[in-house]
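Enquirer: The structure follows.
The numbers here are math on the coordinates, done by the rules we state, and not lab data. Bear in mind that the values here come from a model prediction, so they are computed numbers and not experimental data. All Cβ positions, glycine included, derive from the backbone under ideal geometry; neighbour counts span all protein chains shown.
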Amino acid sequence: GENVEQHPSTLSVQEGDSAVIKCTYSDSASNYFPWYKQELGKGPQLIIDIRSNVGEKKDQRIAVTLNKTAKHFSLHITETQPEDSAVYFCAATHGSSNTGKLIFGQGTTLQVKP
Amino acid sequence: EAGVTQFPSHSVIEKGQTVTLRCDPISGHDNLYWYRRVMGKEIKFLLHFVKESKQDESGMPNNRFLAERTGGTYSTLKVQPAELEDSGVYFCASSRTPRGQFFGPGTRLTVL
């Protein structure tokens, strides 16, 4: 079946450094790729998303890149801050985004050390 | 705008008992989803409502799970009878379109 592989499972960086999380998806029909941040005791919060007709999208310190040929997409966080510490999930649509069903990666626990 | 709310936040029940989880989506969101995260693994899709209709229930584990969305507003997810493997965090999400899903805080279910 469809799946999304996410790496690394844990990531520890020093405050101010960059963090990169990578995902690979299997369904070539996927065309929408959101990233979620989950803080302790809260639900996943959508932080950025990208559609298959775009290669890169940036929002302040966060950027996402998509390589449709390789079926890879990545989250880049620059100038990390302690409040960036959380679990990050990538996701891809099951088929076209009209279905609504999201396939999630396993999650990455990011720790930013002050 | 109020976010997605879920009740209860935690539930501890014994194997064989019944539990009902509730989700109130963001007002005006026709799309409502249930997901589950078990034992620190990935978040897995359970089902998708469009208004009161089940659009996709391919992720429902078995017939012990019953989801309803009467009137197209709030939704309930009932587990009867609960088994140990049902333990996990159950998330509800809603959206106006299939993209941009907003998640609730989740219900942590523990089956003893």
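Enquirer: Can you pull the Kirkwood radius for chain A, inverse mean 1/r over Cα pairs, to one decimal in Å? Could the numbers behind the result be given before it?
Expert: Details: mean 1/r = 0.0711 Å⁻¹.
Across chain A, the inverse of the average 1/r is 14.1 Å.
Enquirer: About the Cα centre of chain B, how large is the charge dipole given +1 on each Lys and Arg Cβ and -1 on each Asp and Glu Cβ? Please answer in debye to the nearest 20.
Expert: Working: 14 positive and 12 negative charges, 25 e Å.
Dipole about the Cα centre, nearest 20: 120 debye.
Enquirer: Given a 10 angstrom Cα cut-off, can you work out which residue in B:42, B:57, B:68 is the most mobile in a GNM of chain B?
Expert: Top of the fluctuation ranking is B:42.
Enquirer: Separate question: For a quick check of your reading of the filter: which trypsin sites (Lys or Arg not before Pro) in the stretch B:21-95 sit in a DSSP loop and have no more than 15 other Cβ atoms within 10 Å?
Expert: On the way: sites: B:22, B:36, B:37, B:41, B:44, B:51, B:54, B:64, B:69, B:78; in loops: B:41, B:51, B:64, B:69.
When the trypsin sites (Lys or Arg not before Pro) of the stretch B:21-95 are filtered for loop state and at most 15 Cβ neighbours within 10 Å, B:41, B:51, B:64 remain.
Enquirer: Give the average, rounded to an integer, of partner chain Cβ atoms located within 10 angstrom of each Cβ in B:87-99.
Expert: 3
Enquirer: Next up: Give the percent of DSSP beta bridges with both residues in the protein assembly as shown that are antiparallel, rounded to the nearest 5. Intermediate values should be presented prior to the final figure.
Expert: Values: 70 of 79 bridges.
Antiparallel bridges: around 90 percent, rounded to the nearest 5.
Enquirer: In addition: Give me B:35, B:90 ranked fewest to most by other Cβ atoms within 10 Å of their Cβ, as a rough exposure proxy. Working shown, then result.
Expert: Numbers: B:35 27, B:90 23.
Result, fewest neighbours first: B:90, B:35.
Enquirer: Report the net charge of residues surrounding residue B:51, where surrounding means a beta-carbon distance below 14 angstrom and charges are Lys +1, Arg +1, Asp -1, Glu -1. Show your work: numbers first, answer last.
Expert: Values: positive: B:54, B:69, B:96; negative: B:30, B:52, B:56, B:68.
So the surrounding residues net to -1.
Enquirer: Report, please, the projected area of the protein assembly as shown averaged over directions, based on the convex hull of its C-alpha atoms, in nm². It would help to have the intermediate numbers written out before the result.
Expert: Working: hull surface 48.8 nm².
Taking the Cα atoms of the protein assembly as shown, their convex hull projects to 12.2 nm² on average.
Enquirer: Could you line up A:7, A:76, A:94 from fewest to most neighbouring Cβ atoms inside 10 Å?
Expert: Values: A:7 13, A:76 16, A:94 20.
Fewest-to-most Cβ neighbours within 10 Å comes out as A:7, A:76, A:94.
Enquirer: Shifting gears a bit: Determine, for B:39, B:60, the number of other Cβ atoms within 10 Å of each Cβ, and report the residues in order from fewest to most. Intermediate values should be presented prior to the final figure.
Expert: Values: B:39 8, B:60 18.
The fewest-first ordering by Cβ neighbours comes to B:39, B:60.
Enquirer: Same structure again: Average projected area of the Cα convex hull of chain B, in nm²? Each step should come with its number before you reach the end.
Expert: Numbers: hull surface 25.5 nm².
That works out to 6.4 nm².
Enquirer: Only Lys, Arg, Asp and Glu count, each charged at its Cβ (+1, +1, -1, -1), so figure out the dipole size of chain A about its Cα centre, rounded to 20 debye.
Expert: Rounded to the nearest 20 debye, it is 260 debye.
Enquirer: Distance between Cα centroids, the stretch B:36-65 to the stretch A:16-70: provide it in whole Å.
Expert: Here the answer is 22 Å between Cα centres.
Enquirer: Using a Gaussian network for chain A with springs between C-alpha atoms less than 10 Å apart, which of these wobbles most: A:55, A:95, A:43?
Expert: Evaluated over chain A, the most mobile residue of the options is A:43.
Enquirer: Can you give the average number of partner chain beta-carbon atoms within 10 Å of each beta-carbon in peptide B:40-49, as a whole number?
Expert: Average per residue, whole number: 5.
Enquirer: Are there cysteines in the protein assembly as shown with no second cysteine's Cβ under 4.7 Å away, and if so, which?
Expert: Flagged as lacking a Cys partner: nothing.
Enquirer: As a quick test, which of the pairs A:42/A:68; A:37/A:68; A:37/A:101; A:58/B:51; A:71/A:113 have an alpha carbon distance above 29 angstrom in this structure?
Expert: Details: A:42/A:68 31 Å; A:37/A:68 23 Å; A:37/A:101 18 Å; A:58/B:51 33 Å; A:71/A:113 31 Å.
Over 29 Å Cα-Cα: A:42/A:68; A:58/B:51; A:71/A:113.
Enquirer: A further question follows. Mean separation of Cα pairs under 8 Å and 6+ residues apart, divided by the residue count of chain A: what relative contact order is that in percent?
Expert: Working: 295 pairs, mean separation 42.4, N = 114.
Worked out over chain A, it gives 37 percent.
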